[in-house]
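We did not get these values from a lab; they are worked out from the coordinates using the rules stated. Nothing here was measured: the structure is a model prediction, and the numbers come from that model. Cβ sites come from the backbone with ideal geometry, for glycine too, and all protein chains shown count toward neighbours.
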Amino acid sequence: MSNTALITGASSGIGMEFARVHAGKGGDVILTARRADTLEALKAELETEHGIKAHVFAHDLASAGGADALYQDIKSAGLEVNVLINNAGFGGIGAHVDRPLDNEQEMIDLNIKALVTLTHKIAADMVALGKGKILNVGSTAGFMPGPQQAVYFATKAFVNSFSQAIDQELRSKGVTCTVLAPGYVETEFAARSKMEGTPLAKNGATARSVAVYGYNAMRAGELVAVNDPKLRFGVNWLIPLLPRRLVLKMTQKMQTPKTN
Ligand SMILES: NC(=O)c1ccc[n+]([C@@H]2O[C@H](COP(=O)([O-])OP(=O)(O)OC[C@H]3O[C@@H](n4cnc5c(N)ncnc54)[C@H](OP(=O)(O)O)[C@@H]3O)[C@@H](O)[C@H]2O)c1
């Protein structure tokens with residue numbers, strides 16, 4: 001019986017650790033991101049260390065047709081996806097009107113459009129099989145609006161919401177969908193998002209701990225998984241009760257680099 005996981009954004013951070021966790025449990029992996037050389041190095045590592053089969057399909061998932069081309073590659077190779085981990089994503093600090101519009105749109109294309117495309121196609125295959133596991137990487141950012149990163153927070157609100165609805169639609173068909181909502185994690189994300197120097201980008205969790213937490217939650221069929229207990233309490237019991245303006249000001253402050 002095949003146990004193959006498709007992991008997007010496997011060339012660094014949490015995605016690379018998801019691949020290591022799944023391969024460590026003896027599952028085959030399909031690795032995707034843009035950096036083919038990094039994916040090939042990970043493939044060699046996983047095949048040597050765990051005796052599994054790793055497949056590499058490098059794609060720009062933010063580009064038009066990128067996610068469709070990935071799905072086509074998987075089909076052409078005759079592979080069956082049993083676990084889908086939609087992890088690829090990026091953010092970007094700055095006021096929306098000051099940020100390049102094309103970068104904001106690229107964020108929506110990757111964080112939302114590619115995730116929806118892969119969920120739509122692969123979940124349909126899973127329903128036909130009568131089983132499957134989906135893990136979408138949202139964020140605690142998805143539980144509140146995020147001035148200074150308005151589009152990123154909104155994309156993650158989409159992922160948090162979409163994933164729960166998909167779980168409700170598919171659970172009776174043998175397919176579950178878990179959303180992992182981490183707080184700050186030490187990866188390439190902060191540098192790519194230009195978050196370094198902001199109060200938010202400190203004391204992060206390790207990518208490994210977050211991947212293990214999310215993977216186990218997915219296997220258990222949990223609906224929403226927040227890895228940090230303090231953040232879990234905050235997003236569930238504190239933030240919904242605070243005045244909206246206060247939340248907006250706090251979030252803005254957390255994402256504004258400190259000037260000494
Ligand atoms: N780090 C955090 O604090 C944090 C907190 C909450 C949620 N998250 C979420 O966790 C997920 C993983 O982020 P991370 O922290 O591990 O960041 P990361 O180290 O920057 O990894 C992002 C991954 O996405 C891939 N990617 C970026 N643009 C892509 C594109 N156009 N096409 C295909 N792949 C692309 C990158 O690979 P290539 O560059 O090779 O394409 C990389 O493998 C993201 O969805 C992020 O929003 C992160």
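At a Förster radius of 45 Å, what calculated FRET efficiency corresponds to the Cβ-Cβ distance of Gln252 and Ala165, to the nearest 0.05?
Details: r = 29 Å, r/R0 = 0.65.
Efficiency, rounded to the nearest 0.05: 0.95.
Under the classification rounded if a/c is under 1.5, otherwise prolate if a/b is larger than b/c and oblate if not, where does region 93-230 fall, given a ≥ b ≥ c as square roots of the Cα gyration tensor eigenvalues? Don't jump to the answer; show the numbers that get you there.
Details: a/c = 2.43, a/b = 1.51, b/c = 1.61.
The shape class here is oblate.
Cα axis of helix 36-50 to longest principal axis of the chain: angle in degrees, 0 to 90, nearest 10?
Helix 36-50 and the main axis of the chain meet at about 60 degrees.
As an exercise, identify the GluC sites (Glu not before Pro) in region 168-204 lying in DSSP coil whose Cβ has no more than 16 other Cβ atoms within 10 Å.
Details: sites: Glu169, Glu186, Glu188, Glu196; in loops: Glu188, Glu196.
Counting only loop positions with at most 16 other Cβ atoms within 10 Å, the GluC sites (Glu not before Pro) in region 168-204 are Glu188, Glu196.
Rounded to whole Å, give me the distance from the Cα center of region 147-162 to that of region 165-207.
11 Å
When only alpha-carbon atoms are used, what values of Rg and Dmax, in angstrom, describe region 4-254?
Cα radius of gyration and Dmax of region 4-254 are 17.5, 53 Å respectively.
For Val97, Val210, what ranking results if the residue with the fewest other Cβ atoms within 10 Å of its Cβ goes first?
Details: Val97 7, Val210 26.
Going from sparsest to densest Cβ surroundings: Val97, Val210.
Are there trypsin sites (Lys or Arg not before Pro) in region 113-154 that DSSP marks as loop and that have at most 15 other Cβ atoms within 10 Å, and which are they?
Numbers: sites: Lys113, Lys121, Lys131, Lys133; in loops: Lys131.
Qualifying residues, ordered by number: Lys131.
Evaluate the relative contact order of region 119-228 (contact order divided by residue number), counting alpha-carbon pairs under 8 angstrom at least 6 apart; express in whole percent.
Numbers: 171 pairs, mean separation 32.6, N = 110.
So the answer I get is 30 percent.
What aspartates and glutamates does Lys133 reach when the alpha-carbon gap must be under 19 Å and sequence neighbours fewer than 8 apart in one chain are set aside?
Qualifying aspartates and glutamates at Cα under 19 Å: Glu17, Asp28, Glu80, Asp125, Asp167, Glu169, Glu222.
Which of the pairs Lys194/Lys230; Lys202/Lys230; Lys113/Lys156; Lys75/Lys121; Lys53/Lys156; Lys75/Lys131 have their Cα atoms more than 20 Å apart in this structure?
Values: Lys194/Lys230 25 Å; Lys202/Lys230 15 Å; Lys113/Lys156 12 Å; Lys75/Lys121 11 Å; Lys53/Lys156 32 Å; Lys75/Lys131 18 Å.
Among Lys194/Lys230; Lys202/Lys230; Lys113/Lys156; Lys75/Lys121; Lys53/Lys156; Lys75/Lys131, the Cα-Cα distance tops 20 Å for Lys194/Lys230; Lys53/Lys156.
State to the nearest 20 debye the size of the charge dipole of the chain about its Cα centre, where the only charges are +1 on K and R beta carbons and -1 on D and E beta carbons. Mind dumping the intermediate values first?
Details: 27 positive and 24 negative charges, 198 e Å.
Once rounded to the nearest 20, the dipole reads 960 debye.
Got a sec to turn the phi values of region 197-211 into Karplus ³J(HN,Hα) couplings, 6.51 cos²θ - 1.76 cosθ + 1.60 with θ = phi - 60°, whole Hz, x for Gly and Pro?
x, 8, x, 5, 8, 8, 6, x, 6, 7, 4, 4, 5, 5, 5
Note down the relative contact order for region 4-254 as a percent, whole number, built from C-alpha pairs under 8 angstrom at least six residues apart.
On the way: 466 pairs, mean separation 46.6, N = 251.
After rounding, I find 19 percent.
Would you tally the net charge around Ile85, using a Cβ to Cβ cut-off of less than 11 Å, leaving Ile85 out, and scoring K and R as +1, D and E as -1?
Numbers: positive: Lys133; negative: Glu17.
So the surrounding residues net to 0.
Describe numerically, in nm with one decimal, the distance between label points set 7 Å from Cα along Cα→Cβ at Leu223 and at Ser76.
4.1 nm
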